[in-house]
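To start, the structure under review is shown below, and the notes come after it.
The values are calculated or read from the model by the stated rules, or taken from the named source; none is laboratory data. Because the structure is predicted, anything quoted here is derived from the model rather than measured. In this analysis, Cβ positions are derived from the backbone assuming ideal geometry, glycine residues included, and neighbour counts consider all displayed protein chains. The accessibility values were calculated without ligands, DNA or RNA, using every heavy atom of the protein model including side chains. Shrake-Rupley method; radii C 1.70, N 1.55, O 1.52, S 1.80 Å.
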Amino acid sequence: MKDKAEKRGLIIVNTGNGKGKTTAALGTALRACGGGMRVLALQFIKGTWRYGELDAAKRLAPELEIVPMGEGFVNLTKQPPDERDVAAAERCLARFEQAAASRKYDMIILDEINYAMDYGLLPVKKVLEALKRKPESLHVILTGRNAPREIVDLADTVTEMKEVKHAFRKGIKAVKGIEF
Ligand code: ATP
Ligand code: MG
């Protein structure tokens, strides 16, 4: 019984308006890689992986694999969203299902997937189904603002990053090593 509990993969959600959702997921990846686990990170919205982590990930290969999947420009105010963005998000989810089924990975990070659902690029139901079908032992981390209620309900661990202060508000632009 204990053994089985230890082997169950967790569903983890990093959400909220404060900084740290993606970087906390990458910190968990770092920890997992140290233990010899294989980690895949998929990007649902263009431009959320920065050069810093992409270059560092190469040094952690093959344990860590980061795949930028978002395509083109996502117009965050446009409703309904562009077909092209919907298709890119669907391809990304399909990639997750394929990677999960391959059993090659111990952990998969779905970066900005919460935002993709909130923005209407992906139906929440499809993501729930994909998560319910995942191999028992696979850990999945979902990041992004506005995590849908059903995803929060399904998850084992949910953290809401709260903005107390952000340098950006004083006019400090993105800082190398901190934001990219
Ligand atoms: P990070 O990648 O630094 O962990 P995040 O994943 O929590 O941030 P996103 O919503 O993905 O946050 O933010 C995209 C970009 O905006 C990142 O460069 C991030 O550092 C920056 N950012 C995050 N939170 C804030 C904030 N509250 N105010 C201003 N910029 C922010
Ligand atoms: Mg992020």
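Okay, here's what the table says:
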read-out: Relative intensity, log₁₀ I(q)/I(0), of region 130-170 from a Debye sum that treats every alpha carbon as a point, q = 0.21 Å⁻¹; value: -0.78
read-out: Equivalent ellipsoid semi-axes, region 5-83, via Cα gyration tensor eigenvalues times 5, rooted, Å; value: 26, 17, 12
read-out: The chain - percent of accessible surface contributed by carbon and sulfur, probe 1.4 Å; value: 54
read-out: Taking N as its residue count, the alpha carbon Rg of region 4-170 over 2.2 N^0.38 Å; value: 0.99
read-out: Theoretical gain in end-to-end length, Ala24 to Val152 [0.36 nm per residue, Cα-Cα removed]; value: 44.4 nm
read-out: Pairwise label distance in nanometres, Lys7 with Val67, each label 7 Å out on the Cα-Cβ vector; value: 2.6
read-out: Residues of region 125-162 with amide N under 19 Å of a point placed 7 Å along Cα→Cβ from Ala101; value: 125-140
read-out: Convex hull (Cα only) mean projected area of region 83-144, reported in nm² to one decimal; value: 3.7
read-out: Within region 51-144, chymotrypsin sites (Phe, Trp or Tyr not before Pro) in DSSP loop having at most 13 other beta-carbon neighbours inside 10 Å; value: Phe73
read-out: Amide H within-cut-off set for Leu64, under 5 Å, with H built and near neighbours excluded; value: Val39
read-out: Long pairs among Lys46/Lys78; Lys7/Lys104; Lys58/Lys134; Lys21/Lys165; Lys58/Lys165, criterion Cα-Cα beyond 22 Å; value: Lys58/Lys134; Lys58/Lys165
read-out: Gained length - Lys58 relative to Lys78, 0.36 nm times residue gap less alpha-carbon distance; value: 3.7 nm
